[in-house]
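The values are calculated or read from the model by the stated rules, or taken from the named source; none is laboratory data. No experiment lies behind these values; they were computed from the predicted model shown. Here Cβ is always computed from backbone atoms with ideal geometry, including for glycine, and neighbour counts include all displayed protein chains.
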Amino acid sequence: MTAPPPIAMLAELTHRCPLSCPYCSNPVKMVSRQAELATEVWADAFRQAAELGVLQLHLSGGEPASRPDLPELTRAAHEAGLYTNLITSGIGLTPNRLDALEAAGLDHIQLSLQGTRADLADRIGGYKGGFARKMAVAQEIKARGIPLTLNAVMHGHNLDDLDRTIEMAVELGARRLEVACVQFHGWATRNRAALLPTREQTEATKRKVAEAEARLRGTLAFDFVPPDYYSDFPKSCMGGWGSAGLNIAPDGKVLPCHAAETIPHLRFERITERNLRDIWYDSDAFNAYRGTDFLPETCRSCERVTVDFGGCRCQALAIAGDAAATDPICRKSPDHHRVTTMLEDAMRDAEGAEFTYRVAPR
Ligand code: FES
């Protein structure tokens, strides 16, 4: 089949991060600093991405500000003609660094929000003083007029703060608020019981987002990611495998999604081994789950197949044991009972469940 060119690329510049959020979706085993790509290798990857058709580049991590060469990388992406979005916790973004990033052509910042109060946000981020630093950066971004999206990962501990989260987004001049209910990939799977929202919280969240979306139209746009486990149908993960976007991991592996390395039989080629165009169009990993032909009959005969493409391949593997299966979130999946069981187990263990951090809170 002929794949369309990708629209967006996520460059995971580093896995290093000052925060230690329990919902982190990066892999349990992370790439070391020594294995990270050099500046010029990233710059060449950005040029290749632009030639391939990528329009938007998300500079991510870990915390991308942990890389001293972040302004150089931003400049390289800007000069390649890419729209640059920095996905950051804000920690490490001093006024001087913001000056350098603006001069380099940074187009947009996506700032994470762990909570609306210092006690809660610092506990979730595992970093004392992090909230105060983040708010100072947010004010600096607002004063400079850099287009801002707030990204609030929501879970059982902060969903009841949604109203205040929305107010803060307006106060900080954000143009967009992502209300992203926690997804369980990577490290986050270790905190399922501690993070899972209740069904009541989920329903209240849907109502509040719909109400706020109507009330704030023209002021604040919303992206809402509902929690998978309470859904009847799966999400269209990545807009379909190898269809709209790609990721490059800190060590240069080119991935169809951020969790793709959990699929053990796939081999992912590195940007240092093969050019991006060939990896996108011709590599086995990108072609493994492209389109819908690989899906079981349950999906192929379903009217939603062109909406959700059978859901998330990584979740199908994690829950059903087969990356080519219908995502078990789907109520039509023969494995849907496994989701119900996981949900019941997590509910049972939720009472008093503590966060498991990658590193002890500071
Ligand atoms: Fe890999 Fe959904 S996270 S396909």
Checklist line | Which listed residue, of VAL153, VAL179, is surrounded by 15 or more Cβ atoms within 10 Å (Cβ to Cβ), among the β-branched types (Val, Ile, Thr) and within 16 Å of the ligand (Cβ to nearest atom) | finding: VAL153
Check: Going by the conditions given, is ALA194 touching a residue at least 40 places away in the same chain (Cβ under 8 Å), within 16 Å of the ligand (Cβ to nearest atom) and crowded, with 18+ Cβ neighbours inside 10 Å?
Finding: no
Item checked: Which listed residue, of LEU246, LEU295, is among the hydrophobic types (A, V, I, L, M, F, W, C), farther than 23 Å from ARG67 by Cβ and not in a helix (DSSP H, G or I) -> LEU295
Item checked: Output for the stretch 26-56, where each listed residue is surrounded by fewer than 17 Cβ atoms within 10 Å (Cβ to Cβ) and touching a helix residue (DSSP H, G or I) at 6+ places or on another chain (Cβ under 7 Å) -> PRO27, VAL28, THR39
Note to self: Quick check on the stretch 300-326: of everything there that is more than 14 Å from the ligand (Cβ to nearest atom) and in a helix (DSSP H, G or I), which residue is nearest to the chain's Cα centre (by Cα)?
What the structure shows: VAL307
Notebook entry, point to check: If you go through the stretch 262-279, how many residues are within 16 Å of the ligand (Cβ to nearest atom) and out of contact with any Lys or Arg (no Cβ under 7 Å at 6 or more places or on another chain)?
Noted result: 5
Notebook entry, point to check: What residue, among those in the stretch 294-316 that are among the charged types (D, E, K, R) and in contact (Cβ under 8 Å) with a residue 60 or more places away in the chain, is farthest from GLU261 (Cα to Cα)?
Noted result: ARG304
Next item on the list: Taking the options GLY252, GLY239, GLY218, name whichever one is small (Gly, Ala, Ser) and within 12 Å of the ligand (Cβ to nearest atom).
Entry: GLY239
Notebook entry, point to check: Can you name the number of the only condition in (1) away from the ligand (no atom under 11 Å from the Cβ); (2) aromatic (Phe, Trp, Tyr); (3) assigned to a loop (DSSP other than H, G, I, E, B) that PHE286 fails?
Noted result: (3)
Next item on the list: Could you look through the stretch 1-25, keep only residues that are surrounded by fewer than 24 Cβ atoms within 10 Å (Cβ to Cβ) and among the small types (Gly, Ala, Ser), and pick out the one that is nearest to GLY186 (Cα to Cα)?
Entry: SER25
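Residue-wise test of (1) modelled with pLDDT under 95; (2) surrounded by 14 or more Cβ atoms within 10 Å (Cβ to Cβ); (3) under 24 Å from MET30 (Cα atoms).
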{"position": "ASN247", "(1), (2), (3)": "no, yes, yes"}
{"position": "PRO250", "(1), (2), (3)": "no, yes, yes"}
{"position": "HIS265", "(1), (2), (3)": "no, no, yes"}
{"position": "ALA288", "(1), (2), (3)": "no, yes, no"}
{"position": "GLY311", "(1), (2), (3)": "no, yes, no"}
{"position": "PRO328", "(1), (2), (3)": "no, yes, no"}
{"position": "HIS337", "(1), (2), (3)": "no, no, no"}
{"position": "ALA346", "(1), (2), (3)": "yes, yes, no"}
{"position": "ALA350", "(1), (2), (3)": "yes, yes, no"}
Checklist line | Qualifying residue in the stretch 160-172 (condition: surrounded by fewer than 15 Cβ atoms within 10 Å (Cβ to Cβ) and without any contact (Cβ under 8 Å) to a residue 40 or more places away in the chain) | finding: yes
Note to self: Among the residues that make up the stretch 67-82, is at least one of them buried (at least 17 other Cβ atoms within 10 Å of the Cβ) and within 17 Å of ASP251 (Cβ to Cβ)?
What the structure shows: yes
